[in-house]
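Encoded as structure tokens, the structure appears first; notes follow it.
The values are calculated or read from the model by the stated rules, or taken from the named source; none is laboratory data. From a predicted model like this one, the values you see are computed outputs, not experimental measurements. Every residue, glycine among them, receives a Cβ derived from its backbone with ideal geometry; neighbour counts consider all protein chains shown.
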Amino acid sequence: MKFTLPMIFALSALTPGLISLACAAPLGAYQHGTVVRMRMGDCQLMHRGFITTFGPPQGASVEESCPEYTLVTDKVVYLIVGKSSNQLVPLAEVIDFRFQNKELAVRIDDARKESKFAIKEMTLRSEWERVQKHIEDHLNNNDEATRQATDTLVMRNQK
């Protein structure tokens, strides 16, 4: 009896701390990222299974377009796809997200509900930046080559 009473007091004192810790745990699981790109893509893989997608045609159907976002974090870049065309995320916005059942649960501006996005692609940020730099260099080289060709044509036409 002497041991039971102090134990009850100790557990009752710890219980509010445990409850607040349990409630705070999901909040700490969020990661932060910035949305840098958005485009509308095909929802085909999102709404249908493997057999329907790669199997024989099932007849004409209306294709819906879904938003695809590029979400950049410190170490990983995600290409995520919304489940419908009305799942919109503001660009250049830092968003909170977490992984839930092979999806990304996104919370925007302390919204009450999370939006679920499928992960289409994941890339290390260092590799993604290298590819982006390569694309930018290629475009700059093409612009320079186009300018040189235009200058050559102008010089020929002036003679």
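Return the pair list, or none, for Cβ contacts closer than 9 Å from residues in segment 90-108 that are more than 13 Å from Y78 (Cβ to Cβ) and free of Cβ contacts under 8 Å to residues at least 40 places away in the same chain to residues that are part of a loop (DSSP other than H, G, I, E, B) and not basic (K, R), at least 6 apart or on different chains.
Sorted first by the residue in segment 90-108, then by its partner, the pairs are Q100/E114; I108/V89; I108/P90; I108/E93; I108/E114.
Among the residues of segment 84-128, count how many are under 16 Å from R37 (Cβ atoms) and of a type in the set (S, T, Y).
Going through segment 84-128 one residue at a time, the tally reaches 1.
Take the residues of segment 107-133 that are surrounded by 13 or more Cβ atoms within 10 Å (Cβ to Cβ) and either in contact with a helix residue (DSSP H, G or I) (Cβ under 9 Å, 6 or more places away or on another chain) or acidic (D, E) (or both): which is farthest from N86 (Cα to Cα)?
Only one residue tops the list, namely E129.
Among residues belonging to segment 73-93 that are at pLDDT 85 or above and buried (at least 17 other Cβ atoms within 10 Å of the Cβ), point out the one that is farthest from the chain's Cα centre (by Cα).
Checked segment 73-93; the qualifying residue farthest from the chain's Cα centre (by Cα) is G82.
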